[in-house]
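A short write-up of the structure that comes next.
The values are calculated or read from the model by the stated rules, or taken from the named source; none is laboratory data. Nothing here was measured: the structure is a model prediction, and the numbers come from that model. A quick note on method: Cβ atoms are made from the backbone with ideal geometry, for glycine too, and the neighbour counts reach across all protein chains shown.
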Amino acid sequence: MTIAVPQARTEHPAAVPAVVGSRLTVPLVTGERVPYANLDHAASAPCLDAVRAAVDDLLPWYASVHRGAGFASQVSTRVYERARETVRAFLGTRPSDAVVFTRNTTDALNLLARAVPRRTAVVVFDTEHHAALLPWRGPHVRRLPAPESPEAAVRSLDLALRECPVGPRLVVVTGASNVTGELWPVPDLVQVARRHAARVVLDAAQLAPHRPIRIADLDVDYLALSGHKLYAPYGAGVLVGRGDWLHAAQPYLVGGGATAGVVDHGDHLGVAWSGVPERHEAGSPNVLGAHALAAACAAIDAHGWRPIIAHENALLCRLRAGLADVPGLRELNLFGAGHDRVGVVSFTVEGQDSGLLAAALSAEYGVGVRDGAFCAHVAVRRLLLEAGSTEQRAVRVSLGLGSTGEHVDRLVRGLRELVLDGPRWSYRQRDGRWVPDPDPRPLPPFLAG
């Protein structure tokens, strides 16, 4: 397969929002230091410069929220609630949608799983990330096998919903695969769900950093995402969507903030729960994380999506063209090599251990990638079998705002040299992972002690 490489100015990171660590250098086992090529954005993206500045601005004012009488508390409360509105605008919500801050996508989807009415029929594809695959319980959970095409996904969902029992129904879909980067046919799946009176929750963890989302236009009922994948690595995520199920549910966690009032009745406590979103945000909230997430949303919106998408597409074409020339390399694809995708590519190389490749890329080339099954074990094993691989793991390269053409070229060069000539260093397995042996790379000074 030949892929044209656009010579676009947007390939240069100056055309996109700047990230912290863009000038970071890392040591190699051979003694040199090189600029770090972070090609693991799908796991955790670096922090935007604008996000760090926003957090620095807030830190002197940081205080308790909602019930503090002090001026700093009032400032922190306003920041926290304004963050909710910024996220709402970024995601194009309906006016009535609730915005609940969580720790991450996993936390958000588990919250929703606790809130669905009893006997809800849940339909989920087994290609989902574990965060979207595992939280659902009960006798009416239906897992659908991996579809061979977007059209097959739509047909499979239609049939599954026809067979669901009468009552509430929920469809779980991803926006973009964290394994292959491929975009799922969300509008078509939503249309099928509506025909069967089912609600839809969108796992947007991988979609939100790469494409604009408008909940009202997509007509999904719920959406979950993580700040740490959206260039705001401060421990916050969000669940956005219709408030009725959330309001009817018992709090996800119980404690301060979730309670409007508690009365001692002697033999028991009478509790009046708060409304949504407070009902599901018990305890002192992550004000800095919510502020960081909102700052990332605002920075991306202010910059505009056009240069961000162009930057990523240029690098993605460059990456896939380079990988096509690596002997024995096979991309993992669900819907086919030509299907639209975000900047995520997973692959195996015939006769090569994926974990050893990842370790050597880091130790000898300063390139950070991920190897494994990417918390999507069912999907990865199926794709590996289809690719004819006996491996249980793959290598994943994921691009983002911190990626450059040089990073991509160094990755491709490193892969070719490792495949053709083998590693230049010795490695051993420790706790199931390949590590350099010995590993002379010094830790940064703040860890040296």
*Conditions: (1) touching a helix residue (DSSP H, G or I) at 6+ places or on another chain (Cβ under 8 Å); (2) over 30 Å from residue 87 (Cβ atoms). Residue 320 meets all but one. Number of the miss?*
(1)
*Taking residue 216, is it touching a Pro at 6+ places or on another chain (Cβ under 8 Å) and over 23 Å from residue 55 (Cα atoms)?*
no
_Segments classed as helices (runs of 4 or more DSSP H), wholly inside region 171-254, with at least 2 members that are without any contact (Cβ under 8 Å) to a residue 60 or more places away in the chain and crowded, with 18+ Cβ neighbours inside 10 Å_ = 186-195
*Only one of 185, 117, 168 is more than 19 Å from residue 243 (Cα to Cα) and not β-branched (Val, Ile, Thr); which?*
185
*residue 92 passes all but one of (1) among the small types (Gly, Ala, Ser); (2) more than 30 Å from residue 160 (Cα to Cα); (3) not in a helix (DSSP H, G or I); which number fails?*
(2)
*From the set of residues in region 131-147 that are assigned to a loop (DSSP other than H, G, I, E, B) and either at pLDDT 95 or above or among the hydrophobic types (A, V, I, L, M, F, W, C) (or both), which is farthest from residue 106 (Cα to Cα)?*
147
_Selection from region 386-401 of residues that are in contact with a strand residue (DSSP E or B) (Cβ under 7 Å, 6 or more places away or on another chain), modelled with pLDDT under 95 and not charged (D, E, K, R)_ = 387, 389
*asked:* Name the residue that is farthest from residue 149 (Cα to Cα), counting only residues in region 330-358 that are surrounded by fewer than 21 Cβ atoms within 10 Å (Cβ to Cβ) and of a type in the set (A, V, I, L, M, F, W, C).
replied: 356
*Taking region 284-316 as the search range and keeping residues that are in contact (Cβ under 8 Å) with a residue 40 or more places away in the chain and not in a helix (DSSP H, G or I), which one is surrounded by the fewest Cβ atoms within 10 Å (Cβ to Cβ)?*
284
*Of these, 86, 93, 105, which one is out of contact with any Gly (no Cβ under 9 Å at 6 or more places or on another chain) and at pLDDT 95 or above?*
86
*Subset of region 346-402 [of a type in the set (Gly, Ala, Ser), touching a helix residue (DSSP H, G or I) at 6+ places or on another chain (Cβ under 7 Å) and closer than 15 Å to residue 417 by Cα]*: 360
*May I ask you to say which residue of 142, 114, 103 is among the charged types (D, E, K, R), in the same structural domain as residue 258 (by TED's automatic domain parsing), out of contact with any Pro (no Cβ under 6 Å at 6 or more places or on another chain) and free of Cβ contacts under 8 Å to residues at least 40 places away in the same chain?*
142
*Hits in region 27-56 (condition: part of a strand (DSSP E or B) and surrounded by 19 or more Cβ atoms within 10 Å (Cβ to Cβ))*: 37, 38, 40, 48
